[in-house]
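Visitor: There's a structure below that I have some questions on.
The values are calculated or read from the model by the stated rules, or taken from the named source; none is laboratory data. Because the structure is predicted, anything quoted here is derived from the model rather than measured. Glycine also receives a Cβ, built like all others from the backbone with ideal geometry; neighbour counts cover every protein chain displayed.
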Amino acid sequence: MALSKIKEQYATTVVAFGNSGLPLGQRDDIDELAIMAHRSQDPTLIRLFEELPSLDDLLKQKADAALPNRKKK
Amino acid sequence: MLCVTLQSYERTCGPVTGGISNIALFDPNDFNFTQAAPVSGVAQPYTAVATRVGAESAKMYPISFNDNEAQRTWSQTRNGCSYKFEHNITAQLPQLNHELTTFLQSLSAAGCCCGLGVIIRHNDGKIFVAGEKYVSAASIPKFNVVMDGSEGDSGKAYDDFNGANVVLKASYSRDLYEYTGAWSSIEALFV
């Protein structure tokens, strides 16, 4: 489940990133875009998000997803 | 270290292929390229491409060229501390026809007024961007790609080439930056 959330008005918007060309409302990698928004501080991306978690939270979720057997504290 | 911060170029050993797979054009005013902050002073590749406010319906325009007949080259020169990269992008477009004429007219207009944006996929999968204007919502120094030196030929014999060799040129301070997404993500921006 994605931590970040796209604004409803941008659900049909297409942003080229990653491996897909689907509209933002249909992407399953929105958190990757959120990480890009943090690392670039690009207003063009930041404005797309209704909820933009912290970079630390996004990276932690990404790490947890990659290591499913890791014990969570 | 005492005078300049160098970096290594250590490529993982493996085969590579040459040539161009795909080319698409765009209006540099229509698209923004997302770039993360430099890491240890090193510029990062582009990671996302989005339309700018007011250009939500903007598209990129793929061009069909003859197989193995597109190429990009650059040559670097120096004058004191001033460095220049001369870029050339060439593509062989088949068949002289009205559509090609009007296509070339659009390139002429872009070269005069706005510059051209070019996104290129190499046969090895690397994707490069030329002529971009907006990076992380900021305007970057002008990277003006224009059509210059194109030639058309009807051919004489049946098996002669009939079409145009389109040449795009630009002078800039560096080689092209990569875009790290897949070409399929760029195709979603096509007409």
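Visitor: Quick test for you: out of B:185, B:139, pick the one residue that is over 15 Å from residue B:89 (Cβ atoms), buried (at least 19 other Cβ atoms within 10 Å of the Cβ), within 14 Å of chain A (Cβ to nearest Cβ) and modelled with pLDDT of 95 or more.
Guide: Of the residues listed, the single one that is over 15 Å from residue B:89 (Cβ atoms), buried (at least 19 other Cβ atoms within 10 Å of the Cβ), within 14 Å of chain A (Cβ to nearest Cβ) and modelled with pLDDT of 95 or more is B:185.
Visitor: Would you call residue A:35 hydrophobic (A, V, I, L, M, F, W, C) and touching a Gly at 6+ places or on another chain (Cβ under 9 Å)? Break it down into steps so the answer makes sense when it comes.
Guide: Values: hydrophobic (A, V, I, L, M, F, W, C): yes; touching a Gly at 6+ places or on another chain (Cβ under 9 Å): no.
Judged against the criteria, residue A:35 is not a match.
Visitor: Let me confirm something: among B:53, B:49, which residue is within 11 Å of chain A (Cβ to nearest Cβ) and under 17 Å from residue B:120 (Cβ atoms)? Give the derivation first.
Guide: Details: B:53 fails: under 17 Å from residue B:120 (Cβ atoms).
From the options B:53, B:49, the qualifying one is B:49.
Visitor: Inside segment B:24-50, can you point out the residues that are at pLDDT below 95 and either part of a strand (DSSP E or B) or under 18 Å from residue A:23 (Cα atoms) (or both)?
Guide: Listed by number, the residues that qualify are B:39, B:42.
Visitor: For residue B:144, state whether it is part of a strand (DSSP E or B) and of a type in the set (S, T, N, Q).
Guide: No: the conditions fail for residue B:144.
Visitor: Is it the case, given these coordinates, that residue B:17 is within 14 Å of another protein chain (Cβ to nearest Cβ), in contact (Cβ under 8 Å) with a residue 40 or more places away in the chain and more than 16 Å from the chain's Cα centre (by Cα)?
Guide: no
Visitor: If we scan segment A:6-28, do we find a residue that is surrounded by fewer than 20 Cβ atoms within 10 Å (Cβ to Cβ) and touching a residue at least 40 places away in the same chain (Cβ under 8 Å)?
Guide: Yes, segment A:6-28 contains at least one residue that is surrounded by fewer than 20 Cβ atoms within 10 Å (Cβ to Cβ) and touching a residue at least 40 places away in the same chain (Cβ under 8 Å).
Visitor: Need a quick list: helices (runs of 4 or more DSSP H) entirely within chain A having at least 2 residues that are more than 13 Å from chain B (Cβ to nearest Cβ).
Guide: Where helices (runs of 4 or more DSSP H) fall fully within chain A and carry at least 2 residues being more than 13 Å from chain B (Cβ to nearest Cβ), they are A:55-66.
Visitor: Let me ask something else. Would you be able to say whether some residue in segment B:66-82 is under 30 Å from residue B:164 (Cα atoms), more than 9 Å from chain A (Cβ to nearest Cβ), out of contact with any Leu (no Cβ under 7 Å at 6 or more places or on another chain) and among the aliphatic types (A, V, I, L, M)?
Guide: Within segment B:66-82, one or more residues are under 30 Å from residue B:164 (Cα atoms), more than 9 Å from chain A (Cβ to nearest Cβ), out of contact with any Leu (no Cβ under 7 Å at 6 or more places or on another chain) and among the aliphatic types (A, V, I, L, M).
Visitor: Taking the conditions exactly as written (over 16 Å from residue B:69 (Cβ atoms), within 14 Å of another protein chain (Cβ to nearest Cβ) and buried (at least 18 other Cβ atoms within 10 Å of the Cβ)), does residue B:132 satisfy them or not?
Guide: Yes; evaluated as a whole, the condition is true for this residue.
Visitor: So which of B:116, B:104 is over 30 Å from residue A:40 (Cα atoms) and either exposed (fewer than 13 other Cβ atoms within 10 Å of the Cβ) or at pLDDT 95 or above (or both)?
Guide: B:104
Visitor: Could you list, in sequence order, all residues of segment B:149-179 that are within 14 Å of chain A (Cβ to nearest Cβ) and either touching a helix residue (DSSP H, G or I) at 6+ places or on another chain (Cβ under 9 Å) or crowded, with 16+ Cβ neighbours inside 10 Å (or both)?
Guide: Scanning segment B:149-179 gives B:177, B:179.
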